[in-house]
1. Kindly list, by first and then second residue, each pair from a residue in segment 25-40 that is under 20 Å from His74 (Cα atoms) to a residue that is assigned to a helix (DSSP H, G or I), limited to pairs with Cβ atoms under 7 Å and residues at least 6 apart or on different chains.
2. Restricting to segment 161-209, name every residue that is more than 18 Å from Leu93 (Cα to Cα) and small (Gly, Ala, Ser).
3. Could you tell me whether any residue of segment 149-160 is within 27 Å of Gly216 (Cβ to Cβ), touching a Pro at 6+ places or on another chain (Cβ under 8 Å) and buried (at least 16 other Cβ atoms within 10 Å of the Cβ)?
4. Name the residues in segment 171-207 that are out of contact with any Phe, Trp or Tyr (no Cβ under 9 Å at 6 or more places or on another chain) and aliphatic (A, V, I, L, M), would you?
5. Would you mind finding the one in Leu165, Leu224, Leu219 that is touching a Lys or Arg at 6+ places or on another chain (Cβ under 6 Å) and not in a helix (DSSP H, G or I)?
6. Anything in segment 125-160 that is β-branched (Val, Ile, Thr) and either over 16 Å from the mean Cα position of the chain (by Cα) or not in a loop (DSSP other than H, G, I, E, B) (or both)? List them, or say none.
7. Evaluate the following for Val39: is it more than 19 Å from the chain's Cα centre (by Cα) and among the β-branched types (Val, Ile, Thr)?
Amino acid sequence: MSGQSLTNSWHDLLKAEFGKDYMLSLKQFLRQQKDQGKVILPHSSLWFNALNTTAYEQVKVVILGQDPYPTQGHAHGLCFSVLPDVKPLPKSLLNIYKELQDDLGIVNSCGHLQPWAEQGVLLLNSVLTVERGKPNAHQGRGWETFTDKIISLLNDRDEPIVFVLWGSYAQKKGSVINAPQHKIIRSPHPSPLSAYRGFFGSKPFSQINQFLEQQGQPLINWQL
């Protein structure tokens, strides 16, 4: 893991992070996990998929997630997204799709959100790796500091961005977003435990496109 893992404008913006103590500690931890025979998800080639798909200057929307799916073959570096052909879809993603249908009448059955990312939706998890079968196993190891830096850099950008903060975890992480040009959408998390507390009916997708239209930017095509 190094700055060379980043293949676009994020490389120059973040390369200094890879030499800092927290990142060196994180790299050591991940190396130890592999040496112990533990399976780290997603594959290392996909750890920075969100950044490599959506360059800094191309970001129009940020959706913040927590950590990757711990099931082998699901995670591929974009929050809430799964690899093609994964069935059944994760419950939170099913609830996202239910709200999308209620909001814009769009029905999606594939859980692969790469086309959203290619349109400027940065699908960023706070923690970029997980141990197979153990949700949250890599929390507190340094990834949060790295992704805080990403959010700070985006907050500093002059061009307006929509930040989507679903649930208390994302809202706490997004507390550094304070530039007045940006729009923040907050609601409960789409998980089955909280979706009925205000995620359903929040209409985030139409809100995003309305804001982009006001800014004279192309709308996101949410249809997959």
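1. So the pair list comes out as Ile40/Leu30; Ile40/Gln33; Ile40/Lys34.
2. Gly174, Ser175, Ala179 - these are the residues of segment 161-209 that are more than 18 Å from Leu93 (Cα to Cα) and small (Gly, Ala, Ser).
3. no
4. Scanning segment 171-207 gives Val176, Ala179, Leu193, Ala195.
5. The unique qualifying residue is Leu165.
6. Passing the criteria: Val130, Thr145, Thr147, Ile150, Ile151.
7. Against the criterion (more than 19 Å from the chain's Cα centre (by Cα) and among the β-branched types (Val, Ile, Thr)), Val39 qualifies.
Each row is one residue, and each column tells you yes or no for (1) in contact with a strand residue (DSSP E or B) (Cβ under 6 Å, 6 or more places away or on another chain); (2) closer than 16 Å to Phe80 by Cβ.
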site	(1), (2)
Ala179	no, no
Ile184	yes, no
Ser191	no, yes
Arg197	no, no
Ser202	yes, yes
Asn209	no, no
Gln215	no, no
Leu219	no, no
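The values are calculated or read from the model by the stated rules, or taken from the named source; none is laboratory data. In this text the structure is predicted, and so the values were computed from the model without any measurement. Because the Cβ atoms are built from the backbone with ideal geometry, glycine has one as well, and the counts that use them run over all protein chains shown. Accessible surface areas use protein heavy atoms only, side chains included; no ligands, DNA or RNA. Shrake-Rupley method; radii C 1.70, N 1.55, O 1.52, S 1.80 Å.
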